[in-house]
Amino acid sequence: MTADSYAPRPRLSVVVPCYDEEENVEALVGECFGVLRRLGASFEMIVVDDGSKDGTLRRLLELREGRPELRVVAMARNTGQSGALVAGFARARGELVATLDGDLQNDPAEIPRLIERLEHEGCDVVSGWRAKRRDSFLRRASTRVANGVRKWFLADGMNDSASSMKVYRREVLEHMPVFHGMHRFFPAIAKMRGFRVIEVPVNHRPRLKGQAKYGLWNRVFLATLDMFGVAWLRRRAVRIEAQEASSVGSRSPVR
């Protein structure tokens, strides 16, 4: 049992995957802590270094000084965004879990608004929709194609399911199937498991420093292959509804 097992559970965990974001992590941590401290609730921020080749991990360890709420997870090798998120989820202790990218294109100021919508709507996941993308034309075009195909094929009603700007209730992330590229399909998988998902527009900012990690190959072609896998998983999923019988002949199932 680790020391974390004895620490009080925070209200909110913020999980951020980072890969070669040395130029962005100081501003990232500073912005997030500014927003989270104003929430007035207990929190932790878990930054997962996904096998960076630059000084991202070293800088994160420096930033941890004086910030007990900042936890740094170091992956042994680069596993991709999904692997880094899963590693962060496994260590998150909050009742709610928020996620965003480490490149500062997601605006941390949106976190309180997403939490408010989650609580007001009584839903399980609030997913941010980057309605006004601040990216290059090629990235906007490839993302539009990928999201359009995914929305049509999976019929999940999501305009931007791959957006990292999300807030979840803790139970949504338990027993989630793990595979490369899964982060693009969190809303569809959550709905498949009976959770309620809503999507709201969020602010999106241009990347000012560092290099984008996704291109046409992993944004469109690999995502399309993953989509067929998710569709198969959804068709084959088994929803279990049962309860311990209180009397002979009792057959009133509950979820």
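Every number in this text was worked out from the coordinates using simple rules, so none of it is lab data. Not measured: the values here are computed from a predicted model. Please note: Cβ atoms are built from the backbone with ideal geometry, for glycine as well, and neighbour counts cover all protein chains shown.
Observations
- Taking all pairs of distinct alpha-carbon atoms in segment 159-207, Kirkwood radius in angstrom: 12.0 Å
- Length gained on full extension, VAL200 to LYS151: 16.1 nm, using 0.36 nm per residue less the C-alpha separation.
- By the count of other C-beta atoms within 10 Å, a proxy for reagent exposure, ASP54, ASP107 are ordered fewest to most as ASP54, ASP107.
- Inverse of mean 1/r across different Cα pairs in segment 38-79, Kirkwood, Å: 11.3 Å
- For segment 1-91, the convex hull spanned by the alpha carbon atoms encloses 98 Å³ per residue.
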